[in-house]
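**Q** Below you'll find the structure I mean.
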Amino acid sequence: MSSVEWQIDVDIDADGNVLSAVVEERRELEVGDRGAEPYECDTDERRIISAYCCTCEAETTLYLEVGDSEPWEHDAAHPSHVIDYWRDT
Ligand SMILES: [Zn+2]
């Protein structure tokens, strides 16, 4: 989950004229509200993880070796996309 908040910075001179207005979109990732993803678990064994991007409907299968705990590169490249991971049995 992430929250988006808008911040407006307005510079006004002594006569009340607006010099500039800057709207910033701030995305704050809430840390700690999601548990370990499947690719982060059981790094002492090989595992097959399926991943699906709910944002652009891309999908893949990750074949992770012992000690591997890297996310899908799509996840790393598009931090704003919502990715579902699940472990194939
Ligand atoms: Zn995506």
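The values are calculated or read from the model by the stated rules, or taken from the named source; none is laboratory data. Remember, predicted model here, so these are calculated numbers, not experimental data. Every residue, glycine as well, gets a Cβ built from its backbone with ideal geometry; the counts of neighbours run over all protein chains shown.
So that you can scan it fast, the table gives a plain yes or no per residue for (1) under 16 Å from the mean Cα position of the chain (by Cα); (2) surrounded by 11 or more Cβ atoms within 10 Å (Cβ to Cβ); (3) on the phi > 0 side of the Ramachandran plot; (4) not basic (Lys, Arg):
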position: THR60; (1), (2), (3), (4): no, yes, no, yes
position: ASP68; (1), (2), (3), (4): no, yes, no, yes
position: ALA77; (1), (2), (3), (4): yes, no, no, yes
position: ARG87; (1), (2), (3), (4): no, yes, no, no
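**Q** Cβ-Cβ under 7 Å, sequence separation 6+ or interchain: first residue in the range 45-59 and in a loop (DSSP other than H, G, I, E, B), partner more than 10 Å from the ligand (Cβ to nearest atom). Which pairs?
**A** Pairs that qualify, where the first residue is in a loop (DSSP other than H, G, I, E, B) and the partner is more than 10 Å from the ligand (Cβ to nearest atom), are GLU45/VAL66; ARG46/LEU64; ARG46/GLU65; ARG46/VAL66; CYS54/ASP84.
**Q** Considering the range 53-79 alone, what residues qualify as being at pLDDT 95 or above, among the polar types (S, T, N, Q) and more than 9 Å from the ligand (Cβ to nearest atom)?
**A** The answer is THR60, THR61.
**Q** Let me ask another. Among the candidates SER3, SER50, single out the residue that is modelled with pLDDT under 85 and among the small types (Gly, Ala, Ser).
**A** The unique qualifying residue is SER3.
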